[in-house]
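Encoded as structure tokens, the structure appears first; notes follow it.
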Amino acid sequence: MTATISARLLTAQECAILLLRLIELRNQEGTPTSRVRLSDLTLRRLWGRHRLDREFVDEVQEWLFRGGWTIFFAGSTYAAIKTSAVLNWSRLSSKRLLEEVGTDDLRYIQNGDFDFAKHARLLVSETDIYDSD
């Protein structure tokens, strides 16, 4: 069996439609989902691309918004989530930095006096994919 090469590259709109169709097919198999994980390889195969550049994925995302989905790169894989699902998430506000008892972090940040090193531990994740030692 030989692979066929498309005469043209699919547009971002066509790629968004294909991804939404793939999600639709998955939802027909069982419980509907509001989020999916997609490998780079899966998207390249689905969209007929050798590589996925950021500008193209951003353009696909613009079309996905119209279908109620958002796609993003999550470190080592892509993910798509139903945009409406995000609306139920907890909201964060910068007011927390102002209201924390005994601190005025926003003022320190604005003055260039914030101690970033003290909080650098926040950048280390238990699931850091790049720390495989």
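Coordinate-derived values only; no laboratory data. In this text, all values refer to a predicted model and were calculated from it rather than measured experimentally. Cβ atoms come from the backbone with ideal geometry, glycine included; neighbour counts cover every protein chain shown.
Inspect all residues belonging to the stretch 2-15 and state whether any of them is touching a strand residue (DSSP E or B) at 6+ places or on another chain (Cβ under 9 Å), of a type in the set (A, V, I, L, M, F, W, C) and surrounded by 11 or more Cβ atoms within 10 Å (Cβ to Cβ). So that I can check it myself, show each step before the final result.
Kept after step one, since they are touching a strand residue (DSSP E or B) at 6+ places or on another chain (Cβ under 9 Å), are these residues of the stretch 2-15: none.
Scanning the stretch 2-15, I find no residue that is touching a strand residue (DSSP E or B) at 6+ places or on another chain (Cβ under 9 Å), of a type in the set (A, V, I, L, M, F, W, C) and surrounded by 11 or more Cβ atoms within 10 Å (Cβ to Cβ), so the answer is no.
Just to be sure I understand the filter: pairs with C-beta atoms under 7 Å, separated by 6 or more residues or on different chains, first member in the stretch 17-28 and in contact (Cβ under 8 Å) with a residue 40 or more places away in the chain and of a type outside the set (G, A, S), second member part of a helix (DSSP H, G or I) and surrounded by fewer than 16 Cβ atoms within 10 Å (Cβ to Cβ). Which pairs pass?
Taking only residues 6 or more apart or on different chains, the pairs are L19/L46.
Considering the stretch 64-85 alone, what residues qualify as being among the aromatic types (F, W, Y) and in contact (Cβ under 8 Å) with a residue 40 or more places away in the chain?
Initial filter on the stretch 64-85 (among the aromatic types (F, W, Y)): 65, 69, 72-73, 78.
Result: W69, Y78.
Say we look at the stretch 16-60 and pick out the residues that are in contact with a strand residue (DSSP E or B) (Cβ under 7 Å, 6 or more places away or on another chain) and among the β-branched types (V, I, T); which of these is nearest to I81 (Cα to Cα)?
V36
Can you spot a residue in the stretch 55-76 that is more than 17 Å from E14 (Cα to Cα), of a type in the set (S, T, N, Q) and surrounded by fewer than 11 Cβ atoms within 10 Å (Cβ to Cβ)? Please lay out each step first, then the result.
Going residue by residue through the stretch 55-76, those that are more than 17 Å from E14 (Cα to Cα) are 72-76.
Retained after the next criterion (residues that are of a type in the set (S, T, N, Q)): 76.
The next check asks that each one be surrounded by fewer than 11 Cβ atoms within 10 Å (Cβ to Cβ); those that pass are 76.
Yes; the residues of the stretch 55-76 include at least one that is more than 17 Å from E14 (Cα to Cα), of a type in the set (S, T, N, Q) and surrounded by fewer than 11 Cβ atoms within 10 Å (Cβ to Cβ).
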